[in-house]
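Structure first, then comments.
The values are calculated or read from the model by the stated rules, or taken from the named source; none is laboratory data. Nothing here was measured: the structure is a model prediction, and the numbers come from that model. Reconstructed Cβ throughout: ideal geometry from the backbone, glycine too, with neighbour counts over all protein chains shown. To get the accessible areas, we keep the full protein, side chains included, count just its heavy atoms, and leave off ligands, DNA and RNA. Shrake-Rupley method; radii C 1.70, N 1.55, O 1.52, S 1.80 Å.
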Amino acid sequence: GGGPAQYGRVIGYLEPLPEGSKEQYVFDNEMIGNAVPPEFIPAIEKGLREQLEEGAIAGNPIQGVRFALTDGQTHPVDSNEIAFRMATRGAFRQGFMAANPIVLEPIMTVEVEVPSEFQGTTVSNLS
């Protein structure tokens, strides 16, 4: 019983893009053969893009990563675009979190001029 199942397996690796790269992310299909049929490759890239926009920590978008698809698996009945989008999102989160990522906070230099009677409050608000 029950409804249709979802099955998609995505295997690959993540790596940082070179420092100063103009691209926010790179998706490379490095599969040999068709372990994942070609019609599902766009769904895999879409799942990656969705996860990068949503982020994996505190909802912050992720950039500067390369995802290389190296293998995968399908099921003749239960594989579809949604299954591969979800598999990619899960695979990305698993690999990304295993890399112990950190959220980079913006660092800024500011210069503030205030009357001396507001100096204490202003300094405490800025720190």
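Could you tell me which residue of segment 51-78 is least open to solvent (accessible area, probe 1.4 Å), considering only residues that are charged (D, E, K, R) and closer than 19 Å to ILE32 by Cα? If you could, list the steps in order and put the result at the bottom.
Going through segment 51-78, the residues charged (D, E, K, R) turn out to be 53-54, 66, 71, 78.
Keeping just the survivors that are closer than 19 Å to ILE32 by Cα gives 66, 71.
Working: ARG66: 35, ASP71: 64 Å².
For segment 51-78, the residue satisfying everything is ARG66.
Give the number of residues within segment 56-94 that are over 16 Å from LEU17 (Cβ atoms), within 12 Å of the chain's Cα centre (by Cα) and part of a loop (DSSP other than H, G, I, E, B).
Total satisfying the criteria: 4.
Scan segment 95-119 residue by residue and report those that are over 30 Å from PRO16 (Cβ atoms) and surrounded by 10 or more Cβ atoms within 10 Å (Cβ to Cβ).
VAL112, VAL114, PHE118, GLN119, listed by residue number.
When only residues in segment 25-43 that are charged (D, E, K, R) and under 20 Å from ARG66 (Cβ atoms) count, which is least open to solvent (accessible area, probe 1.4 Å)?
ASP28
Of these, PRO115, PRO76, which one is of a type outside the set (A, V, I, L, M, F, W, C), at pLDDT below 95 and within 22 Å of ALA5 (Cβ to Cβ)?
Details: PRO115 fails: within 22 Å of ALA5 (Cβ to Cβ).
Of PRO115, PRO76, the one residue that is of a type outside the set (A, V, I, L, M, F, W, C), at pLDDT below 95 and within 22 Å of ALA5 (Cβ to Cβ) is PRO76.
Take the residues in segment 1-24 that are open to solvent by less than 60 Å² (accessible area, probe 1.4 Å) and touching a helix residue (DSSP H, G or I) at 6+ places or on another chain (Cβ under 8 Å); name whichever of them is nearest to GLN63 (Cα to Cα). Steps first, answer last, please.
Step one: filter segment 1-24 for residues open to solvent by less than 60 Å² (accessible area, probe 1.4 Å), giving 5, 8, 10-12, 14, 17, 21.
With the extra rule that they be touching a helix residue (DSSP H, G or I) at 6+ places or on another chain (Cβ under 8 Å), the set shrinks to 8, 10-12, 14.
On the way: GLY8: 25, VAL10: 20, ILE11: 20, GLY12: 18, LEU14: 12 Å.
Filtering segment 1-24 for residues that are open to solvent by less than 60 Å² (accessible area, probe 1.4 Å) and touching a helix residue (DSSP H, G or I) at 6+ places or on another chain (Cβ under 8 Å), the one nearest to GLN63 (Cα to Cα) comes out as LEU14.
How many residues does segment 17-55 contain that are assigned to a loop (DSSP other than H, G, I, E, B), in contact (Cβ under 8 Å) with a residue 24 or more places away in the chain and either under 16 Å from the mean Cα position of the chain (by Cα) or more than 14 Å from ASN80 (Cβ to Cβ) (or both)? Give the steps one after another, and end with the answer.
Our first condition is that a residue be assigned to a loop (DSSP other than H, G, I, E, B); within segment 17-55, this holds for 17-24, 30-37, 55.
Of the ones still in play, those that are also in contact (Cβ under 8 Å) with a residue 24 or more places away in the chain are 17, 21, 24, 30-31, 35-37.
Subsequent filtering for residues that are either under 16 Å from the mean Cα position of the chain (by Cα) or more than 14 Å from ASN80 (Cβ to Cβ) (or both) retains 17, 21, 24, 30-31, 35.
Adding up the residues that qualify gives 6.
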